[in-house]
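The values are calculated or read from the model by the stated rules, or taken from the named source; none is laboratory data. For clarity, every value in this text was computed on a predicted model and none was experimentally measured. Glycine also receives a Cβ, built like all others from the backbone with ideal geometry; neighbour counts cover every protein chain displayed. SASA here: full protein model, heavy atoms, side chains in, ligands and nucleic acids out. Shrake-Rupley method; radii C 1.70, N 1.55, O 1.52, S 1.80 Å.
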Amino acid sequence: MVRFFILFLVILAVLFGLELTPWAERWFVEPWTIMLAKISTWLVTLFDGQVEATGRVMRSLTNGFGVSIEKGCNGIEATIVLVAAMLAFPSPWKYKIIGILSGFVAVQALNVVRVISLFYLGQWNMTAFEWAHLYIWQALIMLDVLIVFLIWIRLLPNDKNQDKDQGGGGSAVPSTEAAQQTAESARGA
């Protein structure tokens, strides 16, 4: 557990450090944020054609209200926390990659819901918008990270359970092979 925690903190620091570089900002963070605004706007236009995306801003053409997706609201930081946890956890690389990809989708899908809900909350009531933006959605996104991580851990293959199913690894019933070895050593003694 200590190894996991230390490795998690180191990976987290490295990934957050990389995210803050001008290179990452220009080639990853800004394009992703713009794409998030376009995805959110596209989904809203399926029901409300009076919305447009300009850069990282999603704006209503009816009343002019818009939300600007800033750093910290694009889901990248939450995804970094999830990636660091999955990389630090002892598991095969195949499962890490699957977990990171599916976790990215889960976090970003919820973040799209967040952006759209804040877009409509802001048009309805700015007090509700501020409260949901600063408190509710921050907690829900991090809760999503935790739940995705816990589900991922739960779905990892458990070698101990496989050993028990096969009759080894601390099982009260010895495997056939172990029983044969015990019988042979008893005959030879």
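Could you list, ordered by first residue, the pairs with Cβ atoms under 8 Å in which the first is in the stretch 123-138 and in contact (Cβ under 8 Å) with a residue 60 or more places away in the chain and the second is open to solvent by 60 Å² or more (accessible area, probe 1.4 Å) and part of a helix (DSSP H, G or I), at least 6 apart or interchain?
From residues that are in contact (Cβ under 8 Å) with a residue 60 or more places away in the chain, there are no pairs.
Could you tell me which residue of the stretch 47-62 is surrounded by the most Cβ atoms within 10 Å (Cβ to Cβ), considering only residues that are under 27 Å from the mean Cα position of the chain (by Cα) and touching a residue at least 24 places away in the same chain (Cβ under 8 Å)?
Per the stated criteria, the residue is Met58.
Residues in the stretch 81-91: is at least one surrounded by fewer than 19 Cβ atoms within 10 Å (Cβ to Cβ) and without any contact (Cβ under 8 Å) to a residue 24 or more places away in the chain?
Scanning the stretch 81-91, I find no residue that is surrounded by fewer than 19 Cβ atoms within 10 Å (Cβ to Cβ) and without any contact (Cβ under 8 Å) to a residue 24 or more places away in the chain, so the answer is no.
Given the conditions (1) exposed (fewer than 14 other Cβ atoms within 10 Å of the Cβ); (2) at pLDDT 95 or above, which single one is not true for Phe8?
Failing condition for Phe8: (1).
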